[in-house]
Amino acid sequence: MTDSVSLAPSPRKAVLRAEALARRDALELDDRLLWDEAIVAHVLALPVFTQSPVSAYWPMRSEADPRPILEALHERGLLLCLPAIAGKRMHFRRWAPWEPIVPGGFGTLVPAPEQPEVKPTILIVPLAAFDRRGYRIGYGKGYYDRAITELEPTLTIGIAYAAQEIAEVPAEAHDRRLDWVVTQDEAIRCG
């Protein structure tokens, strides 16, 4: 896929996204905090963290929180990065726990612009909804799908709460399937 391809929002995906986000937002904070711990344990148990850099995201709203995963991987000596949007592309800047972050648009926080860009070998991605085939619904702008295409063969891990699972994501040509989806209940091997 190229940057010139327009991603017109799918009306069906918009409905599924809104429903999944409403379910996620309705989850009790205390439950989400406990479930984040379970998600962290499931992700760190995956036999995939043998190379770096590893990218995750800075959580916003009621997203599953990958920061403890990043802290543990940093302790293992892996290089980390976080995404930042520039134009229609997602870039990845080096970052380590406790280093400064700055507002990055869309309500995100990102590494400072002077941090060097790196190419991640593993992406831990947020999602609004997912299915067991590994398809995800994000926030509708296609940044992760484009990044996954550009970075292939990058390993991809989506993290979410089980309440965000749907029967089937209406996959389109530009959608990229995740290798894993991890919830508080399980790690689902998709790819």
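So here's what we get for this one:
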{"read-out": "Every pair of residues 6+ apart whose Cβ atoms lie under 8 Å, when the first sits in the stretch 35-55 and is more than 23 Å from residue 119 (Cβ to Cβ) while the second is among the charged types (D, E, K, R) and open to solvent by 40 Å² or more (accessible area, probe 1.4 Å)", "value": "38/185; 42/186"}
{"read-out": "Selected residue [under 30 Å from residue 166 (Cα atoms), part of a strand (DSSP E or B) and of a type outside the set (Asp, Glu)] from 83, 120", "value": "83"}
{"read-out": "Top-ranked residue of the stretch 123-132 - restricted to ones that are part of a strand (DSSP E or B) and either under 26 Å from residue 50 (Cβ atoms) or of a type in the set (S, T, N, Q) (or both), ranked as farthest from the chain's Cα centre (by Cα)", "value": "130"}
{"read-out": "Residue tally, condition of a type in the set (D, E, K, R) and assigned to a loop (DSSP other than H, G, I, E, B), over the stretch 133-191", "value": "11"}
{"read-out": "Single match in 172, 114, 152 (criterion: within 15 Å of residue 90 (Cβ to Cβ) and at pLDDT below 95)", "value": "152"}
{"read-out": "Matching residues in the stretch 83-100 - criterion: being within 14 Å of the chain's Cα centre (by Cα) and closer than 10 Å to residue 53 by Cβ", "value": "92"}
{"read-out": "Selection status of residue 50, open to solvent by 10 Å² or more (accessible area, probe 1.4 Å) and more than 16 Å from the chain's Cα centre (by Cα)", "value": "yes"}
{"read-out": "Verdict on residue 23 being modelled with pLDDT of 95 or more, open to solvent by 40 Å² or more (accessible area, probe 1.4 Å) and within 23 Å of residue 119 (Cβ to Cβ)", "value": "no"}
{"read-out": "Subset tally (residues that are among the aliphatic types (A, V, I, L, M), at pLDDT below 95 and open to solvent by 30 Å² or more (accessible area, probe 1.4 Å)) for the stretch 61-99", "value": "2"}
{"read-out": "Close pairs (6 angstrom Cβ cut-off, 6 or more residues apart or separate chains): in contact (Cβ under 8 Å) with a residue 12 or more places away in the chain and more than 17 Å from residue 138 (Cβ to Cβ) in the stretch 152-167, open to solvent by 40 Å² or more (accessible area, probe 1.4 Å) and of a type outside the set (Lys, Arg) anywhere", "value": "162/185"}
{"read-out": "Sole residue being in contact with a Leu (Cβ under 8 Å, 6 or more places away or on another chain), among the aliphatic types (A, V, I, L, M) and either part of a loop (DSSP other than H, G, I, E, B) or open to solvent by less than 10 Å² (accessible area, probe 1.4 Å) (or both), chosen from 102, 110", "value": "110"}
{"read-out": "Candidate set: the stretch 50-63, residues that are in contact with a Ser or Thr (Cβ under 8 Å, 6 or more places away or on another chain) and in a loop (DSSP other than H, G, I, E, B); chosen: the one farthest from residue 121 (Cα to Cα)", "value": "60"}
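The values are calculated or read from the model by the stated rules, or taken from the named source; none is laboratory data. Keep in mind that what you see is a predicted model, and the values were worked out from it rather than measured. Positions of Cβ are backbone-derived with ideal geometry, glycine not excepted, and every protein chain shown enters the neighbour counts. These accessible areas exclude ligands, DNA and RNA; they are computed on the full protein's heavy atoms, side chains included. Shrake-Rupley method; radii C 1.70, N 1.55, O 1.52, S 1.80 Å.
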